[in-house]
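**Student:** This is the structure I have questions about; it appears just below.
The values are calculated or read from the model by the stated rules, or taken from the named source; none is laboratory data. A quick note: this is a predicted structure, and the numbers were derived from the prediction, not measured. Neighbour counts are summed over all protein chains in view; Cβ atoms, including those assigned to glycine, are modelled from backbone coordinates with ideal geometry. Quick note on the areas: whole protein, heavy atoms, side chains included, nothing else; ligands and nucleic acids left out. Shrake-Rupley method; radii C 1.70, N 1.55, O 1.52, S 1.80 Å.
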Amino acid sequence: MQRIFSGVQPTGNLHLGNYLGAIRNWVRLQSEYECIFCIVDMHAITLWQDPKELVKNTREVAAGMIAAGVDASKHIVFNQSMVPAHAQLAWIFNCVARMGWLNRMTQFKDKAGKHKENASVGLFAYPNLMSADILAYRATHVPVGEDQKQHLELARDTAQKFNNDYGVDFFPLPEPLIFGAAARIMSLRDGTKKMSKSDESDYSRINMTDDADTIALKIRKAKTDLEPLPGGIEGLEGRPEASNLLGIYAALADKEKTQVIAQFEGRQFSDFKKELVDLAVSVLGPINTEMKRLMSDTSHMDAVLRSGAERADAIARPIMSEVYEIVGFHKP
Ligand code: TYM
């Protein structure tokens, strides 16, 4: 069976973009692949995190994954810092990947902002840790949203260079799995910006922890234009907010966007938004309830994470022994 690895940062609430762009696909892939899902706390600290919040968010993200349908007993759910292989392989990849490759990463440019000199070294080297996450398990497939595509290209280049430099055929070149309309969910306040945990405005995103009233309020307040909804996909040209809301509806309803456009042709946003609220609440409500139930038992959540880490470590440890031998790290 082929192996999947994917991860989410515990930097705050999971949001609709994480769910539709990643986690929902993970749930669907579980029957075909052996899956390893990671809460990447070591990635999170590339930007400052309050330690207590980081612990809470780590449990919450794990609860969100499981509430959404990830099966933590059949597959693996754990937090990155529990398995030493991630840091060990990341260092080796720091010595394989080239500065020029990392300089091209658009996410670093976005996150570092204007003052790159003040960004942490970790933020710059972040993609190498991500390559290590995947390759410490020799995973072959990586389901992610569109924004991670460039990092995965780098992971493939790094795996290839390692194999070439050491004259081995050791690491697979991991394939990204990026699915359709939901691969890039945009902000509810600005249809040209990605929905993100780091946006200052909570109205820009729907969180997996939002209750029905909050979801309704956020959708009612979501930015739109003044035109009625169009009759065809061409009518969405230059209308990013309309396009995003129709895309969200399509993803939640598991329909093609063109079908949803036909369904709402000529209708007013106020009408459409009511139906979007009902749909969003019906999909997210049960996940939210289950997440709260899981979060109320932190010792159970910790036991799940511990078991996941043990199983992850058992896969990664022998792979790292081989890597150390290939690299020539003496084991006296
Ligand atoms: P993160 O935590 O930013 O996001 C987790 C997953 O959610 C997807 N995603 C989105 N999809 C659609 N629309 C959006 N607005 C949206 N926002 C986020 C992301 O593409 C991702 O799949 N570097 C990664 C975490 C990571 C990782 C890995 C992923 C670390 N190691 C190894 C895969 C394999 C990140 O910051 O994701």
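**Student:** Quick check: pseudo-label points 7 Å beyond the Cα along Cα→Cβ at R98 and Q150, how many nm apart are they?
**Tutor:** 1.8
**Student:** What translational diffusion coefficient, to the nearest whole µm²/s, does the range 29-185 have by Stokes-Einstein, given a Kirkwood radius computed over alpha-carbon pairs, a temperature of 10 °C and 1.306 mPa s viscosity? Write down the numbers at each step before the final one.
**Tutor:** On the way: Rh = 16.7 Å.
The diffusion coefficient I find is 95 µm²/s.
**Student:** Let me ask something additional. In nm, what is the difference between 0.36 nm times the number of residues separating E175 and A119 and their Cα-Cα distance?
**Tutor:** Length gained, E175 through A119: 17.2 nm.
**Student:** Hey, another quick one. Considering only the chain, what is the antiparallel percent among its DSSP beta bridges, to the nearest 5? Don't skip to the end; give the middle numbers.
**Tutor:** Values: 2 of 16 bridges.
Restricted to the chain, the bridges split so that about 10 percent are antiparallel.
**Student:** Let me ask something else about it. Accessible surface of K56 in the full protein assembly, 1.4 angstrom probe, to the nearest 10 Å²?
**Tutor:** In the full protein context, K56 sits at about 90 Å².
**Student:** Just in the range 14-100: which chymotrypsin sites (Phe, Trp or Tyr not before Pro) are loop by DSSP and have at most 14 other Cβ atoms within 10 Å?
**Tutor:** Hits after loop and neighbour filter: W48.
**Student:** Pick out, from W101, C38, A316, the residue whose Cα sits farthest towards the positive end of the charge dipole of the chain, with +1 on the Cβ of Lys and Arg and -1 on the Cβ of Asp and Glu.
**Tutor:** Result: W101, furthest along the dipole toward the positive end.
**Student:** How large a share of the accessible area of the range 1-63, in percent, is made up of carbon and sulfur atoms when the probe is 1.4 Å and the other protein chains stay in place? The partial results should precede the final answer.
**Tutor:** Values: 1290 of 2410 Å².
Roughly 54 percent of what the probe reaches on the range 1-63 is carbon or sulfur.
**Student:** Please compute the alpha carbon radius of gyration of the range 188-330, then divide it by the globular-protein estimate 2.2 N^0.38 Å. Two decimals is fine.
**Tutor:** Dividing the Cα radius of gyration by 2.2 N^0.38 Å gives 1.50.
**Student:** List the extent of the Cα atoms of the chain along each of their three principal axes, largest first, rounded to whole Å.
**Tutor:** Principal extents (Cα only, largest first): 73, 44, 40 Å.
**Student:** Carbon and sulfur atoms: what percent of the 1.4 Å accessible area of the range 202-293 do they account for? Don't jump to the answer; show the numbers that get you there.
**Tutor:** Details: 2270 of 4490 Å².
Carbon and sulfur atoms account for 51 percent of the accessible area of the range 202-293.
**Student:** Let me ask you something else. Under the rule of -39500 (n - 2.57) per DSSP H run of 4 or more residues, summed and divided by the residues of the chain, what mean residue ellipticity at 222 nm is obtained, to the nearest 500 deg cm²/dmol? Numbers along the way, then the final one.
**Tutor:** Details: 13 runs with 170 residues, N = 332.
So the helix-based figure for the chain works out to -16500 deg cm²/dmol.
**Student:** With every protein chain present, what is the per residue accessible area of the chain (1.4 Å probe, Å²)?
**Tutor:** On the way: 15600 Å² over 332 residues.
Accessible area per residue, the chain: 47 Å².
**Student:** Say R0 is 56 Å: what FRET efficiency, to the nearest 0.05, do D213 and D313 get from their beta-carbon distance?
**Tutor:** E(calc), rounded to 0.05, equals 0.85.
**Student:** Here's something else I'd like to know. Check which residues have an amide H placed less than 5 Å from H15's amide H, if you skip close sequence neighbours.
**Tutor:** Those qualifying (amide H under 5 Å, at least 5 residues apart or on another chain) are M208.
**Student:** Helix 149-166 against the longest principal axis of the chain: what's the angle in degrees, Cα atoms only, rounded to the nearest 10?
**Tutor:** 10
**Student:** I've got another one for you. Ordered by packing density, taken as the mean number of other Cβ atoms within 10 Å over each peptide's residues, highest first, how do 165-175, 184-194, 250-260 rank?
**Tutor:** Going by the mean number of other Cβ atoms within 10 Å, highest first, we get 184-194, 250-260, 165-175.
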